[in-house]
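The structure appears right after this line, and notes come after that.
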Amino acid sequence: MESTAPPPDAAGPPPGATRSTVTLHVNGVPHRLTLDHRTTALDALRNHLGLTGTKKGCDHGQCGACTVLVDGRRANSCLLLAVTLDGSALTTVEGLADAEGLHPLQTAFVERDAFQCGYCTPGQLCSAAGVLQEAADGHPCHVTPDTAQPGAPVELTAEEIRERMSGNLCRCGAYPRIVEAIGDATAHPAAPPVPHAVHGLGAVSVHERREAAS
Amino acid sequence: MKPFAYLRPATVEEAVRARATHPGSAFLGGGTNLVDLMKLGVSGPELLIDVGRLPLDRIEELPDGGLRIGATVRNSDLAAAPAVRERYPVLSQALLAGASGQLRNAATTGGNLLQRTRCLYFQDVSVPCNKRRPGSGCPAVEGVHRDLAVLGHSAHCVATQPSDMAVALAALDAAVEVTGPDGDRTVPVTAFHRLPGEHPERDTVLEPGELITAVRLPPPRPLAHGHYRKARDRASYAFALVSVAALLEVRDGVVHHAALAYGGLAPRPWRAAAAEEALRGAPATADAFGRAADAELSAARPLRDNGFKVELARRLTVSVLARLAARHR
Ligand SMILES: Cc1cc2nc3c(=O)[nH]c(=O)nc-3n(C[C@H](O)[C@H](O)[C@H](O)COP(=O)(O)OP(=O)(O)OC[C@H]3O[C@@H](n4cnc5c(N)ncnc54)[C@H](O)[C@@H]3O)c2cc1C
Ligand code: SF4
Ligand code: FES
Ligand code: FES
């Protein structure tokens, strides 16, 4: 990150500057942006990069419409300040598909008709992509049995999917189809748990991060 | 939101120094609570000191068999760590009962402990609130308080402490490691959050400028089983009405050791000393469990609309302890 004011000694006076220049790698493309520190990742994507696929629902972490992947992990972009993400890789709904076509989750959502108005769908898709990776990495959730082997991949039953997706609200109530669609994508042999766009950027994968942390 | 400066220190020392130099500054962890409160105008720091990427992201084995959890370990990683799932399942369960997958990926151990109350009035700057604006009054006492405290509250504030994680940590006798301008100290989790008394504006005993660096878990009791149970208005993604973290060790049908903490009842994770005292040496039966819950909950002073929490806490206690006792058969 470069501050627009001369970079001070960290212990010295406050930088004072209220804007900074950051690099965000969005769907594989690096973007240098000079942003007011108040800018959330959500507003940076929508208002500064024109990527309006990511939706603003509540703007307070309560609905999941703004979910994106940050370095392969799902997060609510409305509660992330863009300045904190300097150098990070973001994947939005626009980055889920690749040259070969739609992401298996997108295909499954279309085939199952897993939406009505579609407003929550980008967040549902990015969240579901995160869920596939978390389950593959052996992350438990509230309904995972105590007897499950720690670290072993978790099978995504409907109950598991419902609990893991509880941070994504759907005002239209498309939940039953959403759960089915994610179940279909789990069964898809070629389902890349983490979208391609995150790789090859020197970004740390979820797996490497977990190893680093343990 | 007010404009603010931003600093991302590389070391703990730098972070503490920057915070000491700038009284209007605040530490930023995952931001899932602070950024929300800044949007609401409840918090307005002039400088954000981003501690989210400090090298405090490790879970270390301690020589005594305990664990040291770095302050920036994310809630999801902590809940998934095999050492936690195998030896402190109550902590993993408490974390997974809180917030959502997205939020747990961002939320840090330090930030989770310091998250502020979800009292509606606290979050609404257009109304009085003693915690937000000392001396302005507490509309919750007569107003909307169904989710608020039945134990430990005062006439000045009836808010509850919302963290699920903190409840499990209280039952586990965890301790918070902090560092500040005056050096390092360690505070038991049970003494970390304050009761409001006449000063609800102070949630914890943390001094201004002190940084949480880690949470320390003592070695687990090898024969005790633990469980976290949370009652809420919907099955997932909601704060606790009442929650219970329990550890129980039964020998020959008699309670040998019990640790019990409640969430959703009080301004701090409520370690139930009276219930534990009643349990020690008691038969591991539902009747004895109910009596132990009564020993604790007889001190409850419910408000107009939250008396249901007392009975709910009693039932959860009996059900969780019975479940744990069954595992000793
Ligand atoms: C919709 C929603 C639902 C939620 N549901 C639940 C729930 O059911 N159960 C639950 O327990 N929680 C729930 N949460 C709260 C969530 O767990 C907290 O917001 C989160 O744990 C805070 O961690 P953070 O790292 O994001 O903290 P931040 O927001 O970064 O910081 C919180 C506070 O801690 C301070 N701070 C951060 N790190 C340090 C440090 N190392 N040393 C000193 N001070 C520090 C900050 O200055 C700030 O005051 C929910 C949140 C939302 C938005
Ligand atoms: S209960 Fe506490 S936080 Fe809520 S309005 Fe009263 S003083 Fe404020
Ligand atoms: S817009 Fe971010 S969670 Fe609702
Ligand atoms: S499809 Fe309309 S909100 Fe989900």
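For this structure, a couple of remarks:
- The range B:251-272 - residue that is of a type in the set (A, V, I, L, M, F, W, C) and outside any loop (DSSP other than H, G, I, E, B) and, of those, farthest from the chain's Cα centre (by Cα): B:V254
- Hey, B:G31 at positive phi and either within 16 Å of ligand 3 (Cβ to nearest atom) or surrounded by fewer than 19 Cβ atoms within 10 Å (Cβ to Cβ) (or both) or not: yes
- Among the residues of the range B:273-293, the ones that are under 23 Å from the mean Cα position of the chain (by Cα) and surrounded by 15 or more Cβ atoms within 10 Å (Cβ to Cβ) come to 5 in all.
- Taking the conditions (1) within 16 Å of ligand 2 (Cβ to nearest atom); (2) more than 10 Å from chain A (Cβ to nearest Cβ) in turn, B:V51 satisfies each one other than (1).
- Residue count, the range A:44-58 (criterion: within 16 Å of ligand 1 (Cβ to nearest atom) and either not assigned by TED's automatic domain parsing to the domain that holds A:N76 or not in a loop (DSSP other than H, G, I, E, B) (or both)): 0
- A:E180 more than 16 Å from ligand 4 (Cβ to nearest atom), of a type in the set (D, E, K, R) and more than 10 Å from every other protein chain (Cβ to nearest Cβ): no
- Residue match in the range A:122-130 (condition: over 19 Å from the mean Cα position of the chain (by Cα) and either within 12 Å of chain B (Cβ to nearest Cβ) or surrounded by fewer than 23 Cβ atoms within 10 Å (Cβ to Cβ) (or both)): no
- Annotation: of all residues in the range B:103-116 being of a type in the set (A, V, I, L, M) and away from chain A (no Cβ under 14 Å), the one that is farthest from ligand 2 (Cβ to nearest atom) is B:L113.
- Answer residue from the range B:117-136, given it is surrounded by fewer than 17 Cβ atoms within 10 Å (Cβ to Cβ) and more than 8 Å from ligand 2 (Cβ to nearest atom) and is farthest from B:L195 (Cα to Cα) among those: B:S126
- Every condition in (1) under 23 Å from the mean Cα position of the chain (by Cα); (2) among the acidic types (D, E); (3) facing chain A (nearest Cβ under 7 Å) holds for B:E14 except the one numbered (1).
The values are calculated or read from the model by the stated rules, or taken from the named source; none is laboratory data. Being a predicted model, the structure only gives us computed values, none of them experimental. Cβ sites come from the backbone with ideal geometry, for glycine too, and all protein chains shown count toward neighbours.
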